[in-house]
Each structure stands twice: as structure tokens, then as C-alpha cells.
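First up is the structure itself, then whatever we jot down about it.
The values are calculated or read from the model by the stated rules, or taken from the named source; none is laboratory data. Predicted, not measured: the structure shown is a model, and the values here were computed from it. As a convention, Cβ positions derive from the backbone with ideal geometry for all residues, glycine included, and neighbour counts pool all protein chains shown. Heavy atoms of the whole protein, side chains included, go into the accessibility calculation; ligands, DNA and RNA do not. Shrake-Rupley method; radii C 1.70, N 1.55, O 1.52, S 1.80 Å.
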Amino acid sequence: MISKISLLIAVRKMRSHIPQLLGLILLLTVGVCFFITLFTIVFRYEETAEKYISDYDYADVTFYGRFNDESVKALRERGVIAEGRTVQDFRDLGENALIFRAVSLTNNVNIPYIYEGVLPENSDECLLLKRNAAALGIAVGDMVTIGGKTLTVTGISASPEYIYMVQNERIMMAQPDCFAVVYVVPDFFEMGYNEIVVIGDAGDFVPDGTFQAITRSDYTNYILYRNDLSEIGSFAYIFPTIFSVLIAAVIYVMLLRSIQKDRRQIGTMKALGMSDGKIIGIYLSQFCIAALIGALLGGAATIFICDLIIDIFSAMFEVPTLSFAFYPILWFGAMVVSVLLCAISGLIALTRILPLLPAHAMRPRIPKSGRKILLEHAEFIWKRLTFNTRYALKNTLRNKSRFFAVVLGMCGSCALLTFSLGFYNSITRTQDEYFDGFANYDIIINFEPIPHIFENAEQLEISQIDESFKALVMPVKILDDNYILAITEEGFDMVNIPAAELQNGVIIPEYFAKLWKVKVGDKLDINGYTAVISAITPQHLGLTMYTSFDYAKTIIDELPPVYNTIYARSGDMAALTEILIKNNIDFATIADDNTSFDSIMESMSVLIWFMIFCSVVLGFTVLYSVGLINLSAREYEYMFMGVMGESHRRILTAHVKETLLQLVIAVPLGFLSGNLILDAIKGEFSNSSFVISAAIFPQSYVAAALAVIGVTAVMTAVTSRHIKGLDIVEGLKGRDE
Amino acid sequence: MSLFTISNLTKTYGEGHAKVVALNNVSLDLPEGKFIVILGASGSGKSTLLNMLGCMDRATSGSIYFGKTDLNTFNKRQMTAFRGEYIGFVFQSYNLLPDLTALENVEFSTELAGLSRKEALSALNSVGLSERVNHYPAELSGGEQQRVSIARAIAKNPKVLLCDEPTGALDFNTGNMIIELLKNIQKTQNTSVLLITHNREIADVADVVITLRSGEVVQ
């Protein structure tokens, strides 16, 4: 139990340690805020989305094909909930080229969540997704025209199958003013079912008329949701870890300085009979209180930041009722870690003084004896330096631990900024490498879900297409996971791969080669067929394996002569897209792909900007803290120089020279560390559809360096002001060190 | 009756060429209840001897008996307990805790000894500082700070008062007043006072004077 006097000393000491404790509180506030915010979002998003998926009966399996009531009945007989429905896209031929996807409502599967209004009851009524309503300025009671029919919007809704606006596998995040989803009654359609949505496990049973069956884990909508969760999760544990290493280092140095400054007082307390335990209590209680305040402030900031980030996220994915929630375990965990971090740092720092006997602790630390520095041996140079420069150099190398503590702080800040900006650059680089270096097509035309038969007369013959290659793009299973395989025509050059190798086997992305630990010439089991790897290529987006129809026929006996995709280049994209729209043919231009990628990356961008913001605050706090450390360590010396008649300007010049030397060492080291961190974590943000390509652009190095130099300059100005305000008489009397 | 019995006490610092012998084979018998002055020039080993007697430092060899207990066999915990129970310290540079008021500085000592605020106030009163109890050290003169330091030392009624050049940082008059105060405490509270100084004039008020030179007792 801490005694009254110990508590009093602790509280009073907090008052005299305010600048250091403020630095500590700010460091922990930022770190804890980052940690709790990201984990709250991960926990809350998963919890809310899973409940939404469960409550609104998101289908476990969707069968695509041509079905009738018998097919549905056959499935129901296997004890599952099965509903037939019709889904059809309609292009608005107006200026916006808006695509309306009409989906027939079912009673038990993929139930819409209604924000406002009621379910449609007649064939001239519909529900509209909230994001579309907002983007198109449509309200309940307004009219929309779909496929030549005019419908009244009876309600605004959301749906678990449209958490993300997935138009198709290429346009995974459509813009809500370009692609809209309406729910209608089955009578709206004049055609039969083209989908059966199922809840439950029907085993291997596949109803007649099925072309493709996709389980929930393979829905693009669900994959995007899980990927976002995983990315936010990676952010949540990787960056707070990096932050906490830097924070721990700075806190340790800061506490060590504070404790060393009190060395004589600690010696006195020991001399007067105070036990080491009580002295530890005095110091640790200060640091732990500051840690708790920092953690609580960080937690409080989370309440605002979480909602802000969720608001931004809501533009990318829609989960009704997603909002901030209090997770005691996170707050408690953050507080415990913060307190432990400070307590352990403080304890380590105290162990430098506590083992001393009072007689030793009460004496100032014996200064290290002056020794010749390396440069002094180069007399030719040394003699030509001014006294001030020689003083700055000798001082720098006299107290190496303080010098390197400051360098460490500068280096850590620079590394954090370099890495954060570099992470953003990496996303841009990844995008550029795909669209400028890998993709050679202008447009991809889709015939999903029903593929076209090669021999069929309805092959596309459009004059605006300059070059084209047909392909069958399909999901395949390798080692129990789903991947995309494109079986192309011979000579396929719509992406940058060694086309000649298509005839000899399967070309796989580098990421898959590392994942499966395979090399060229190895064999791969694809859907039970054995294929040879003919080449490995760098790919960063939409990772796809490629082979030719000719090679595929050699390993698959009954490969159907069908295609579902045309990769094309055209000199007149405007005319080509107009024709495709008129013919109600689905397509995605390379510009659409680029926009879609931007949308997918939006959630990561939000996190990256949040991280950059935290890095900047954290970096500046670190610099402020190391500035304080430097200042407190040098105060006596500056005072003494003043006593000896040195002018303020000359004292400051010596300080600036030392600071410059520290910057010269810290900034390049910071660049290097930033690169190493980026390289080490890039794997955590790569998956089967996206591989990050690490890059730090020159402007990021410049920005990071300028930020560090700028804050150091501000701290130098503070130091200058402080030196001016030093009371040399009182200062010399009351030296604690 | 002996307060401390010192036999063959040696204290060295450093090793090899840097080795310094601060006390060399010192043997002494210090009587209880007296005002003892240890005289010596700077570097004679007097502060080192005081540190050994107050369990602030450990001897390299030899023994210091306090009654029947050899202080040199104490572990750190025992050394702390001994200082807390039997010793009151008065330092040359006062060593008050700057974050505490005069009263709180004295309470620091009384609380460790399990005494109340009343004893702390009484100690401050006895050194003539009852009007300055709520002042911080920075608001007190050197003489006042030294009196607070003495109040802190005597508040817990220690058996021994160890004073390390208590007048070293004070002017002549204030120094005399402090010596008077210590002498008075020794008489009225029956506390043994052991004072080290380089000032021969202070030796005039002592019951016992011991002179050290180069780590050895010369008189």
C-alpha cells in the first residue's frame, strides 16, 4: 500500500515532470486510439455483418442456369430451403448508361433489409438499394424505368448479397450511379428462373439445368467482405506493434532521463530509510497514472474516430446497424499494455539507480573522462575547425547514449513517415503495374452465366473490335481453394505473359508459385486434372492462371467447346460500348476495371490515411519527446556556458551543429528502416486477388525528411527560447545531476 | 558505553592504477551520547567514514559494531532498516526534497518511523521554523533549509545524528547557530551527534575530536 507521503511525492513529481508526462500521454493516446479503433472496426464489422447475413438469410449456395419449379422442388426434397428466382440486367440507354439489375424477391432467402417503405406487391413496384437511392436522388414513391417498364419505388433497402456493389467478377465495386439493384415481385419477369438460392447443405446434388454452382465462401461479395476484414485485421495488429516498439523505446529513454535527473533525490530518500519498493511505487505510480490517462484518452478518441471511419466505410460497403460499440476487453487490454509498457520501462530505468548505495546515488554521476575522438587524430582537419564546431563534435561523441537516443527518435519518426507514405505509394505502384505494364486489352466482354458455343453462329462480329481473343474464364480448385483460370485462344497477348508458353502448360502468377512452393516444370492438380507449370509471371491484381484451349484439351478429355469472355482492343471504344449496350451485352472497359480497383482499395486507403495521420502525430510526439530529453540533458551545460560568457547565439550554434549531425545520421537510417518495415509487412496485405508491390516514391522520402527536419527546427526554436530564459544563478545552485 | 566500535576499517575505490584508499585500517571507539567531531581536510576520508557509520556505504574490510551488531554484515534491506530506525542525517547541501514543503519534508521522516504529523510540527518548532512550515525549499534561505534538514533528522528521535559538514554551505553566523542547535539537541534529547568538518573552530564545542588524514586516524 502506497503511503501518504509517497503519494504526495508522486503527485508533486508529476507536476514537475509535466512536459515528459505529456509526451508520454500523447504517445500512448495515439497508439491506443489506433489500436482500439481498428480492432473495434474489425470486431464490430464482423459481428454486425455475420448477424446481418444470418438474420436476413444470405444464401449458402447459388445455382446458376435455367431452372423450373421441378428443379427447386428436387432441392427442397433434400431438406434444404431453396427458392427459384430471376435476375436480369437492363441497360438504360440514356446518357448515364445506367445498368439496373432486377432481382425477384423470394420468401426465405436473401431477404432485403428495409430502411424505409414496404415490400413491393405488384409487378409495377420495386425496392431500391439505399446507396443507389442516395446516388440517383430517388425516394420512396418515385418512379424508375427498367427494361421499358415504369416501376414505383415502394421502399429503400439493403441486402446481404449486396454488402458490396458487385456487378460481376470484374466490376466488383460498381459505382452506385452506374449500377443499381432493384427487388421486384416474380411476376415482373416473363422468363423462368435463372438462379436457385439455397440455405442448407444439399450435398453433391446439382439440379438439372445448372451451369455453375457457387457457395457462399466464393461469392465475390463475401470474399470482399472477408478480405476487408482480414486487411483491417492486419492493420490492427501490425501497425500498433510497430508503433508500440517505437513508443516503448522513446518511453524508456524518457523515463530513464527523468529518473536520472532525480538520482540525488532518490539517494536522499534511500538515505532517510525509504525502501526501494516505496521508491519504485513513487515513480511507477506517476508513469502508470500517465499511462492510464493516455490509454483512456486514446479510448475516448476512438469513439469519435470509429464513427468517422465507419461513416467513410459506409460508402464502400453497406451493413445496416454498423456503428461504434464499446468492447471492454479492448479498452482493458490497451490500458493493461500501456501501464505495463510504462511500468516495465520505468522499472528498467530505476534499476540503473536503485542498486546503488545511498552514498553513491547522492553523488552526481561521474562524467565520462574526455578522450580524443577519431577526428582529433586527423589534426589537419581538426585544427581548421572553429572552437564551437570542435565543442559540438566532442560533445556529440562524449555522451553517446543520449546522442543515439535522440537519433533513434528522429530515425523512428522518419521511418514511420517513410513507411506510411510508402505504403500508399505501393498501392499506386501496384495499380500502375497492372494497368500500364500488364494489361494490354481495352475491354473485356462477358457472356455470363451462360457461355457461348464456338460453333454457334452468334459469335460476336463487330467492326469496332480491332483484335480479340476468346477465353473461358472459370473458377478452379487447387489445394481446396478457389482460383481463376483463363483458357485462351492461341497467341493470346491481351496481358503481358509469355504467350508461347500457353501451349506448353499453365502460366501462374509469382504469388501462387511462392504460396504453393512450385517452379516451372512442376505439376499442379487443377480440379483433379494434372497440369504442368510452363511459366511464372509477376502479377499484382486479379491474379489469374492462363493456359490455351489446345493445352487444356490435352489434359481434360471432355472440355466443352465454349467461351464466356472476349478480351479485345479497339480504336473506337465509344462506338464499341454503344453497340454492346444496345445489344444488352455485359462488358467492362479497362477504365471500368481501374475505377473498380480504386473502389476496392478505398477501404484500405481510408486505413492508410488514418495510419499516415497517426504516424505524423506519433512522429511529431516522438521528436518533441526526444527534444525534451536533449534539452533536459543539456540544460546545465548551456547554463554553465552562459556563466563562462558564451553568447546565446554561440550556444545555440553549438546545439544546431549537434542536431544537424543527428539528422544526417537519423534521416537515411529512417529511410532504410521505413523500407525494411514495408518489405516485411507487404506479405500480410497480399492475397489471391491482390499482391502488393512495395515502392516508396522520391516525393515520399522528401516529405518524410522535411517533416522530421521541420519538427526538429521547431524544437530547436523551443530550445533557443529555453536557453534565453535560463536563470544561470539558480540553475547552477540547483543542479540535480 | 560505546556507540560504534570500529576495527581495522578499510575502504577502497576503483581498481588497479585507479585504486584509491579512502580509509586505511581505521580502528576507533565512539562513545554514546557525546558530541563527536571528526576533523579532516578534503580527501581525508571523513565523509567515507560517516557513510560507513550510517550504513550508506559498505566497507571493503574490517568491522563496525553498533552495540553488538556488525553493520558490515548487513544486507541492503537491513541497512535501510537501520538507517530508518537509528540514524538521522544532516547533509552539507541539505538534500531536501524540492517537491515537498518544509513540513512535508519532515513528515517524510516521521511517516517512515511510524510517527504522526504532531512530531513533525514539534521538530520544526524546535528548530524555530514554525512560521515556515508550508514553504517549499526553494522559498527558504540556506540556513532555514539546513534547519528543516535538522528537524527532519531529529523528528524521529534517532539514536545518532550524523552530520556531514552541516555548516559548509552557510555563512559564519548561520553556521554558528546551526552548531548551537545541534549541541542543544545532543544535550536535551540525549542523542549522540557525530559531525564531520574541516573547520577546527567547530571542534571547540565537541566532547570528542578525532582527526583524520589520508584515511588514517592521526589523533
Checklist entry - Would a scan of segment A:253-262 turn up a residue that is within 14 Å of chain B (Cβ to nearest Cβ), on the phi > 0 side of the Ramachandran plot and either out of contact with any Gly (no Cβ under 6 Å at 6 or more places or on another chain) or surrounded by 24 or more Cβ atoms within 10 Å (Cβ to Cβ) (or both)? => result no
Checklist entry - Which of the strands (runs of 3 or more DSSP E) contained wholly in segment B:1-52 include at least 1 residues that are surrounded by fewer than 14 Cβ atoms within 10 Å (Cβ to Cβ) and aromatic (Phe, Trp, Tyr)? => result B:2-13
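Pick out the one residue from A:Pro160, A:Pro207, A:Pro186, A:Pro176 that is open to solvent by 40 Å² or more (accessible area, probe 1.4 Å) and modelled with pLDDT of 85 or more.
On the way: A:Pro160 fails: open to solvent by 40 Å² or more (accessible area, probe 1.4 Å); A:Pro207 fails: open to solvent by 40 Å² or more (accessible area, probe 1.4 Å); A:Pro176 fails: open to solvent by 40 Å² or more (accessible area, probe 1.4 Å).
None of the other options fit; the residue is A:Pro186.
In segment B:59-76, is there at least one residue being at the interface with chain A (Cβ under 9 Å from one of its Cβ atoms), at pLDDT below 90 and open to solvent by 10 Å² or more (accessible area, probe 1.4 Å)? Write out each step before concluding.
Of segment B:59-76, the ones at the interface with chain A (Cβ under 9 Å from one of its Cβ atoms) are B:76.
Add one more test, that the residue is at pLDDT below 90, and what stays is B:76.
Adding the requirement that they be open to solvent by 10 Å² or more (accessible area, probe 1.4 Å) leaves B:76.
There is at least one residue in segment B:59-76 that is at the interface with chain A (Cβ under 9 Å from one of its Cβ atoms), at pLDDT below 90 and open to solvent by 10 Å² or more (accessible area, probe 1.4 Å).
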Next on the checklist: Can you confirm whether B:Ser116 is farther than 30 Å from B:Asn24 by Cα and surrounded by fewer than 18 Cβ atoms within 10 Å (Cβ to Cβ)?
Outcome noted: yes
Checklist entry - Could you list, in sequence order, the residues of segment B:210-219 that are surrounded by fewer than 16 Cβ atoms within 10 Å (Cβ to Cβ) and either of a type outside the set (Gly, Ala, Ser) or closer than 14 Å to B:Leu161 by Cα (or both)? => result B:Arg213, B:Glu216, B:Val218, B:Gln219
Checklist entry - For segment A:63-78, does any single residue satisfy the condition of being more than 23 Å from A:Gly294 (Cα to Cα), touching a helix residue (DSSP H, G or I) at 6+ places or on another chain (Cβ under 6 Å) and either open to solvent by 10 Å² or more (accessible area, probe 1.4 Å) or of a type in the set (Val, Ile, Thr) (or both)? => result no
Checklist entry - For segment B:36-56, how many residues meet the condition of being within 13 Å of chain A (Cβ to nearest Cβ) and within 20 Å of B:Gly67 (Cα to Cα)? => result 8
Checklist entry - Here are some residues: A:Ala291, A:Ala334. Which one is more than 16 Å from A:Thr40 (Cα to Cα) and open to solvent by less than 60 Å² (accessible area, probe 1.4 Å)? => result A:Ala291
Next on the checklist: What's the number of the only condition in (1) closer than 21 Å to B:Asp70 by Cα; (2) hydrophobic (A, V, I, L, M, F, W, C); (3) over 15 Å from the mean Cα position of the chain (by Cα) that B:Phe4 fails to meet?
Outcome noted: (3)
Item to check | Criterion violated by B:Leu162 - all others in (1) more than 9 Å from chain A (Cβ to nearest Cβ); (2) open to solvent by less than 60 Å² (accessible area, probe 1.4 Å); (3) in a helix (DSSP H, G or I) satisfied | outcome: (3)
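Touching a helix residue (DSSP H, G or I) at 6+ places or on another chain (Cβ under 8 Å), charged (D, E, K, R), within 14 Å of chain B (Cβ to nearest Cβ) and within 26 Å of A:Tyr624 (Cα to Cα): does that describe A:Asp276? Before you say what the answer is, go through the steps one by one.
Numbers: touching a helix residue (DSSP H, G or I) at 6+ places or on another chain (Cβ under 8 Å): yes; charged (D, E, K, R): yes; within 14 Å of chain B (Cβ to nearest Cβ): yes; within 26 Å of A:Tyr624 (Cα to Cα): no.
No, not satisfied.
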Next on the checklist: Of the conditions (1) closer than 25 Å to A:Asp276 by Cβ; (2) charged (D, E, K, R); (3) within 14 Å of another protein chain (Cβ to nearest Cβ); (4) over 14 Å from the mean Cα position of the chain (by Cα), B:Arg117 satisfies every one except a single condition; which number is it?
Outcome noted: (1)
Checklist entry - Scanning segment A:347-364 for residues that are modelled with pLDDT under 90 and more than 14 Å from chain B (Cβ to nearest Cβ), which turns out farthest from A:Gly267 (Cα to Cα)? => result A:Ala349
Item to check | segment B:121-140 - residue that is within 18 Å of B:Met177 (Cβ to Cβ) and not aliphatic (A, V, I, L, M) and, of those, most open to solvent (accessible area, probe 1.4 Å) | outcome: B:Glu131
Item to check | strands (runs of 3 or more DSSP E) lying entirely in segment A:99-196 (those with 1 or more residues that are of a type in the set (D, E, K, R)) | outcome: A:99-104, A:113-117, A:125-129, A:149-158
Item to check | Search result, residues across segment B:86-109 that are outside any loop (DSSP other than H, G, I, E, B), facing chain A (nearest Cβ under 9 Å) and free of Cβ contacts under 8 Å to residues at least 60 places away in the same chain | outcome: B:Glu104, B:Glu107, B:Phe108, B:Ser109
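Going by what's in this entry, would A:Gly79 be described as in a strand (DSSP E or B) and within 19 Å of A:Asn108 (Cβ to Cβ)? Steps first, answer last, please.
Details: in a strand (DSSP E or B): no; within 19 Å of A:Asn108 (Cβ to Cβ): yes.
So A:Gly79 fails the test.
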